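Below is one structure, written out as structure tokens; comments come after it.
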Amino acid sequence: KKEPQKQAYICKSELKIMEVLWEKGETTASQIYRILQNKTGWSKSTSYTVLEKCIIKGFVKRTDPNYVCRALISREEVHANVLNEFADLYFGGSKMELILSFLENIALTPEEPQNFQEMLKANKRPDK
């Protein structure tokens, strides 16, 4: 059996498992399977295989009895990891270049630039 190792990269199927856990909290493996069967049509073996990958990657902890699962990584941590990986891969690690590219390539409503500016001011911290 492989030892869990917390990894940053999460694929789409693993994200589906995590979304169930973030929404429901601690949940049994069989409940996760039933939820994903209804949402995605996954078989039991697919759900359990993907869940096992999440456990190995250190995203999920499963305990006995009843194979109760809980998330070990938050939605916010996943978002931060994905953005950092994306910036590293496509923008040479520059978060500023990523943000500028994003802003150049989306259509903003007239109020959104002002809202964005206010959010940046509110998030400005000396430790950043």
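The values are calculated or read from the model by the stated rules, or taken from the named source; none is laboratory data. Treat the numbers as computed from the prediction; the structure is a model and nothing was measured. Don't worry about glycine lacking a Cβ; one is built from the backbone with ideal geometry, like all the others, and counts go over all protein chains shown. These area figures cover heavy atoms from the full protein model, side chains too; ligands, DNA and RNA do not enter into them. Shrake-Rupley method; radii C 1.70, N 1.55, O 1.52, S 1.80 Å.
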### Message
With the structure loaded, tell me whether Ala87 is part of a helix (DSSP H, G or I) and open to solvent by less than 30 Å² (accessible area, probe 1.4 Å) or whether it fails that test.
### Response
yes
### Query
Which residues, counting only those in the stretch 44-74, are out of contact with any strand residue (DSSP E or B) (no Cβ under 7 Å at 6 or more places or on another chain) and touching a residue at least 60 places away in the same chain (Cβ under 8 Å)?
Ile73
#### Entry: Cross-chain or 6+ apart pairs with Cβ under 9 Å, the stretch 98-117 first and within 21 Å of Ala80 (Cα to Cα) and in contact (Cβ under 8 Å) with a residue 12 or more places away in the chain, then outside any loop (DSSP other than H, G, I, E, B) and open to solvent by 100 Å² or more (accessible area, probe 1.4 Å)
Leu98/Tyr90
#### Entry: Matching residues in the stretch 19-46 - criterion: being buried (at least 17 other Cβ atoms within 10 Å of the Cβ) and either assigned to a loop (DSSP other than H, G, I, E, B) or touching a Ser or Thr at 6+ places or on another chain (Cβ under 9 Å) (or both)
Val20, Leu21, Ala29, Ile32, Tyr33, Ile35, Leu36, Trp42
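Looking at Gly41, Gly92, Gly58, which one is at positive phi and either within 18 Å of the chain's Cα centre (by Cα) or acidic (Asp, Glu) (or both)?
None of the others qualify; the one that does is Gly58.
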### Task
Kindly indicate whether Val82 is of a type in the set (Val, Ile, Thr), within 30 Å of Gln117 (Cα to Cα) and either surrounded by 12 or more Cβ atoms within 10 Å (Cβ to Cβ) or touching a Phe, Trp or Tyr at 6+ places or on another chain (Cβ under 8 Å) (or both).
yes
### Task
Select from the stretch 49-74 the residues that are in a helix (DSSP H, G or I) and open to solvent by less than 90 Å² (accessible area, probe 1.4 Å) and list them in ascending order.
Thr49, Val50, Leu51, Glu52, Cys54, Ile55, Ile56
### Query
Quick one: how many residues across the stretch 93-126 are within 29 Å of Cys11 (Cβ to Cβ), open to solvent by 80 Å² or more (accessible area, probe 1.4 Å) and not polar (S, T, N, Q)?
5
